[in-house]
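Worksheet: one structure, shown below.
The values are calculated or read from the model by the stated rules, or taken from the named source; none is laboratory data. Quick caveat, the model's predicted, so the values are computed rather than measured. In this analysis, Cβ positions are derived from the backbone assuming ideal geometry, glycine residues included, and neighbour counts consider all displayed protein chains.
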Amino acid sequence: MPRQLRIEYPGAVYHVMSRGDRREDIFLDDVDRQDFLKTLAEACLLAYPWSSLPLYLAAPEHRPRWLRVDRLLGEHGIPQETAAGRQVFERQMEKRRLEETDPQSLRRLRRGWFLGGEQFRQELLQRMDGRLGDHHSGALRLERAQAKAQRIIAEELDRCGWKEFDLAGRHKSDPAKLAIAARLRQETTLSVKTIAARMLLGTSKSANARLHHWMHHSLPATSPAAQTQLGL
């Protein structure tokens, strides 16, 4: 399987994988695997500067005055902030970490290309512009094209003073709708069939004919859009 695109920028959080060459095992046995996970967890949770766990486990005199631990401990059923209570909290965090290493729960990390909300996904898709190659998955390239198309449509609707629902009220041969469709065809890799469905232009065959006629009669022959090859 081709590797996913690495999107690098300051402040990013990365999913680091450990795997053997040619699908070879990287652990001798299950004990070896558990030792690796435990060491990794200790390094990530206790040593990394972005982790707040060491402060929660520290005695009050060794943590910032503004950090309140009573609420967090209370949510975990620990009534008092004592050395024993902090040890209980640490064991609970370790138990939770082990529960979250279930293979099914990690499937999204292993097979997906991002982890976060929709806004974060859109930001990453914008960063991919011009950086995807043939070795990247077709699904990722399609998702990138769809996101770019949505931005183009939003720009054009705003320029025309339209709302999304205005597309349905406009004729299939409306010049402004065809202009948007032509731009989508020129600037994205979406098929005419997909564009026709998104812009409500009818069937892909009729939309192809309308676009072909509009682009060759409404635009200068030297313009990039007029020279765009359509095809279904």
Item to check | Matching residues, segment 141-194, being of a type in the set (A, V, I, L, M) and more than 19 Å from W214 (Cβ to Cβ) | outcome: L142, A145, A147, A154, A168
Item to check | Cβ pairs under 8 Å, 6+ apart, first in segment 29-55 and over 13 Å from E90 (Cα atoms), second of a type in the set (A, V, I, L, M, F, W, C) and at pLDDT below 75 | outcome: L37/L98; S51/C44; S51/L45
Checklist entry - Right, R185: modelled with pLDDT of 75 or more, surrounded by 12 or more Cβ atoms within 10 Å (Cβ to Cβ) and of a type in the set (K, R) or not? => result yes
Checklist outcome for this item: Across segment 10-28, the tally of residues that are surrounded by 11 or more Cβ atoms within 10 Å (Cβ to Cβ), over 20 Å from R96 (Cβ atoms) and modelled with pLDDT under 75 stands at 0
Item to check | Filter pass, I180 being crowded, with 19+ Cβ neighbours inside 10 Å and free of Cβ contacts under 8 Å to residues at least 40 places away in the same chain | outcome: yes
Item to check | Selection status of T228, over 30 Å from E118 (Cα atoms), at pLDDT below 90 and either under 25 Å from the mean Cα position of the chain (by Cα) or not in a helix (DSSP H, G or I) (or both) | outcome: yes
Next on the checklist: Within segment 29-88, take every residue that is of a type in the set (V, I, T) and at pLDDT 85 or above and give me the one that is farthest from the chain's Cα centre (by Cα).
Outcome noted: T82
Next on the checklist: Of all residues being in contact with a helix residue (DSSP H, G or I) (Cβ under 8 Å, 6 or more places away or on another chain) and assigned to a helix (DSSP H, G or I) in segment 207-219, which is surrounded by the most Cβ atoms within 10 Å (Cβ to Cβ)? Just the residue, please.
Outcome noted: A207
